[in-house]
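The values are calculated or read from the model by the stated rules, or taken from the named source; none is laboratory data. Small disclaimer: the values here were computed from a predicted structure and weren't measured. In this analysis, Cβ positions are derived from the backbone assuming ideal geometry, glycine residues included, and neighbour counts consider all displayed protein chains. Ligands, DNA and RNA are excluded from the accessible area calculation, which covers all protein heavy atoms including side chains. Shrake-Rupley method; radii C 1.70, N 1.55, O 1.52, S 1.80 Å.
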Amino acid sequence: MGKYIKDRKPSEDNWMPYTGLEDSDTLPSGDIYVPLEAWKERRDELLTRNSRLGVILENTDDVSEIIDDLDRLDLVVLQFPKMVDGRAFTQARLLRERLKYKGEIRAVGDVLQDQVFYMQRCGFNAFELRDDQDLNSVLKAFDEMSVTYQGAADVDAPIWRR
Amino acid sequence: MAYTVYTASLLKEGLVAYLSIRDGETSWTTDVNRATSTETVDDSILSTEAERSEQENIVVGVYSVEVTRDGDRLVPTENRERIRAGGPTVALPAAKNTTANARVAA
Amino acid sequence: MYQYSQADHQLLLERVTQFRDQVSRRLKGELSEDEFKQQRLRNGLYLQLHAYMLRVAVPYGLLSSEQMRTLAHIARRYDRGYGHFSTRQNIQYNWPKLEEVPEILDALAAVEMHAIQTSGNCIRNTTSDPLAGVARDEVADPRPYCELIRQWSTFHPEFNFLPRKFKIAVSGAIHDRAAVAVHDIGLRLVKNESDELGLEVYVGGGLGRTPMIGKLIREFLPVHDILTYLEAILRVYNQFGRRDNLYKARIKILVHETGEDEFRKQVEAEWENVKASKLRLRDEDIEAISAHFKDPDYEILPDNDADFDNHLITNPEFAKWVDNNLELHKKPGYRIAYLSLKSPDQPPGDVTADQMDAIADLADRYSLGQIRSTHRQNLVLSDVKLTDLFELWEELTKLGLATPNYNHLTDIISCPGMDYCALATARSIPIAQALTDRFESYDYVNDLGDISLNISGCINACGHHHVANIGILGVNKKGVEVYQLTLGGSAREDAAIGKILGPAFTADEIVDAIGEVLEVYLENREDSEEDFLTTYRRIGQSPFKERLYG
Ligand code: SF4
């Protein structure tokens, strides 16, 4: 797999995506994440597994659909199909701030040096970088700005109330 | 008779530029009259060279423009391209003592 | 004026550093043009027809004289000696070099200015009433709320990649001088029966190819809730705004397609979740920001002056200017002066570096060191003593900034059009100039009274032609520039979208066509008090149509 950062450190990614389109109907072993549809359909079966579980959401999915399962989910994957498609920023904030989700929120797709600063503010703590990205530059980008005006997932108050 | 020239914007300066190939050397000129057209060089060579310059980050946004020859001058057929080649058609306001950047493309 | 805190300064410095790095990655080829474009746009940098264009934010149209001098310096040192004030109160430079933009941003940062979010699909620079804080018809000063919106929206992590650009305008007066009805969100400060301050919230206004007047989504929003409510609207938009079609991506389409009531429901539902958050303003938050916009120490002055009266009698040119380019001030003995950027000699909104420097000096001498920019592309000195007006006028006359045409026919809004703009389908400045030449007679223009004429060089409508009494839209018809006329628009509190009159005119015909339109108005008005729009609304389009196409 490509370059993966978790909690601001380059890390080993042990998760396996399961899309539901695989030839075999049997779920792979180990930690897997599945699309929301598959989660809804095979929830009971999935919950009997001993491995960790995750869900990948389309950026049109309503995050509140997994509200009852947040305790059982160790990973929620949110997508940036294009750099300019910013819907997952909202999804991440809702998960972290409103639904108080504590597990990993991972950004996939166009995950770029100039975006990760905003992503982390919205509650992302894991990043599958696009292949062409320079890992070290991205790691630095988390601290590119020290001033923030608004409250978000990282700090709950706007600057004038801190 | 209509010919084709290749145009783009210079990455660093942003100015309008035209592909010129002289003695086998590719360069970009801000003077449309110095552009190399399909009158003398094959379209395929021009387009390959233009795209290469874009890949090499010398220019941005390459495309081709139709021109006609009027003596020494190359005149784009389309109004927009004529303005692009010639600059704004209105008198530019100007301060006294403007030091930099002025009249580069004039 | 708002004084930057340490954090505000720090943020600008970090932003410049970041952009410098982005430029250098681009020049080295590490960033593709596609991706760099997203970054440069968020810093106001376009690639236009002839060159890069840098749009510098003038937050809600307020400038200090020091800032104006820096703008002049930038025009001289890095550009071609002039700048252009836009309909969004910002200033644009037409010839900067990419390599030098970080230096320009350094110079701006040194005077608390920047180009942040002046373009791109994010929340743009907030615009406001250029007479904020000095107007007689003011309910409340909009500037503190503009500043709060500036802070809230700057690098908002959630709303930096919206479906499309997003413009907010705030007005605090009875008369709308900020065109709030044609913004993605328009806010008007109002008082309720209990004399509490709140906001009317309009959503989904906008121009472009589908012009729409904003819908009143909330009649009274307590001011304390302004930011939470904005956050709710933006969140609904970010999730549900269309991303499949560039032309349908603005919030006006979302409101239209969702339906006003359903959209309101969605916003209110989201707001329930955020309204108690720390984003809700406390009294002390509002007070702290408002302290930046306290009245200066105005002198107690009589509201008349014998010398002034004398000049009015002896100097008819001065009298014309006083008649047209002044507005009453909330304090006696002071006046608000409009500096017309619509002289016959320069494109609408353009200012040379020399003029900028001179304006800065005049602001220091006569108007407490401040300048404002207006959405009609003029400048304002907001605090001029009655006793200084004559001197000011003499200076402005020398500078070519005293054309007595404010809110008159030749006070034309014009976008840059095909002389500068890569998206244009026709030129607009030459049309503005031809009209200015044709209607140079003061008496004629003055007799026409209050009228607005706006020109856009393409359907994107940056020249706000839809909301002009007389609108001109340049289009390309089989390679020829032609101009479509719309009549009856208004950008004020009675906002309306103009209607197309008929087939387009060529560049040669359009000036005469406007002449005919004006004649029809003059022939039909009840008396010289009845302005163009009132007459038009009374008699409708047919008399105009018959004259032009009959
Ligand atoms: S209206 Fe069109 S031509 Fe005019 S500035 Fe906007 S995009 Fe350019």
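Some values worked out for this structure:
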{"quantity": "For chain C, with +1 on Lys and Arg beta carbons and -1 on Asp and Glu, the positive-most of C:185, C:163, C:134 along the dipole", "calculated": "C:163"}
{"quantity": "Dipole magnitude of the protein assembly as shown, debye to nearest 20 (Cβ charges: Lys/Arg +1, Asp/Glu -1, about Cα centre)", "calculated": "1020 debye"}
{"quantity": "Table column - 3J(HN,Hα) (Hz), segment C:186-195, Karplus curve with 6.51, -1.76, 1.60, x for Gly and Pro", "calculated": "x, 10, 10, 6, 9, 10, 8, 4, 8, 6"}
{"quantity": "Viscosity 1.567 mPa s, 4 °C: Kirkwood-radius Stokes-Einstein D of chain C over Cα pairs, µm²/s", "calculated": "54 µm²/s"}
{"quantity": "Accessible carbon and sulfur surface of chain C relative to its total accessible area, %, 1.4 Å", "calculated": "48 percent"}
{"quantity": "Paired Rg and Dmax values of segment C:297-380, which use every Cα atom, in angstrom", "calculated": "14.2, 39"}
{"quantity": "Cα gyration tensor, chain B - rounded (a/c under 1.5), prolate or oblate", "calculated": "oblate"}
{"quantity": "Per residue, the convex hull volume that the Cα atoms of the protein assembly as shown enclose (Å³)", "calculated": "190 Å³"}
{"quantity": "Residue C:327 accessible area, 1.4 Å probe, all protein chains in place, Å² to nearest 10", "calculated": "60 Å²"}
{"quantity": "Of A:50, A:28, A:138, farthest towards positive along the dipole that unit charges on Lys, Arg, Asp, Glu beta carbons give segment A:3-161", "calculated": "A:138"}
{"quantity": "Shielded by partner chains, segment B:47-96 residues - at least 40 Å² of accessible area, 1.4 Å probe, vs chain alone", "calculated": "B:57, B:60, B:79, B:80, B:83, B:88, B:89, B:90, B:92, B:93, B:95"}
{"quantity": "Nearest-ten-degree value, helix A:36-47 long axis tilted from longest Cα axis of chain A", "calculated": "60 degrees"}
{"quantity": "Solvent-accessible surface (1.4 angstrom probe) belonging to residue C:212, in square angstrom, nearest 10", "calculated": "20 Å²"}
{"quantity": "Accessible area buried between chains A and C, both sides summed, probe 1.4 Å, in Å² to nearest 100", "calculated": "3500 Å²"}
{"quantity": "For segment C:39-86: rounded, prolate or oblate by the Cα gyration tensor [a/c cutoff 1.5]", "calculated": "oblate"}
{"quantity": "Accessible area, probe 1.4 Å, largest first, for residues C:265, C:331, A:82", "calculated": "C:265, A:82, C:331"}
{"quantity": "Exposure rank, largest accessible area first [C:529, A:104; 1.4 Å]", "calculated": "C:529, A:104"}
{"quantity": "Shielding of C:46-53 by partner chains, average beta-carbon count, 10 Å", "calculated": "6"}
{"quantity": "Cα-only Debye scattering, segment C:97-152: base-10 log of I(q)/I(0) at q = 0.16, 0.18 Å⁻¹", "calculated": "-0.67, -0.78"}
{"quantity": "Heavy-atom accessible area, 1.4 Å probe, ligands and nucleic acids excluded: residues of segment B:1-22 down by at least 50 Å² from chain alone", "calculated": "B:11, B:12, B:13"}
{"quantity": "Pairs of alpha carbons in segment C:407-519 whose separation is greater than 22 Å (percent)", "calculated": "24 percent"}
{"quantity": "In Å², nearest 10: area of residue A:148 left accessible to a 1.4 Å probe", "calculated": "20 Å²"}
{"quantity": "Cβ neighbours within 10 Å from other chains - mean over A:112-119", "calculated": "5"}
{"quantity": "Rounded D (µm²/s) - segment A:59-162, Kirkwood Rh over Cα pairs, Stokes-Einstein at 25 °C, 0.890 mPa s", "calculated": "173 µm²/s"}
{"quantity": "Ordering of B:57-67, A:66-76 by packing [mean C-beta count within 10 Å, highest first]", "calculated": "B:57-67, A:66-76"}
{"quantity": "For segment C:396-449, size of Cβ-based charge dipole, Lys and Arg +1, Asp and Glu -1, in debye", "calculated": "180 debye"}
{"quantity": "Net charge dipole size for segment A:3-161 [Lys, Arg +1 and Asp, Glu -1 on Cβ; Debye, nearest 20]", "calculated": "700 debye"}
{"quantity": "Average beta-carbon neighbours from other chains, 10 Å sphere, peptide C:29-41", "calculated": "4"}
{"quantity": "Helix axis angle, B:43-55 relative to chain B longest principal axis, alpha carbon, degrees", "calculated": "50 degrees"}
{"quantity": "Helical segments meeting 20 Å axial Cα length and Kyte-Doolittle 0.0 threshold in chain C (DSSP H)", "calculated": "C:226-240, C:507-524"}
{"quantity": "Share, in percent, of DSSP beta bridges within the protein assembly as shown that are antiparallel, nearest 5", "calculated": "70 percent"}
{"quantity": "Sequence-distant residues sharing a close amide H with residue C:339 (under 5 Å, placed H)", "calculated": "C:379, C:380, C:381"}
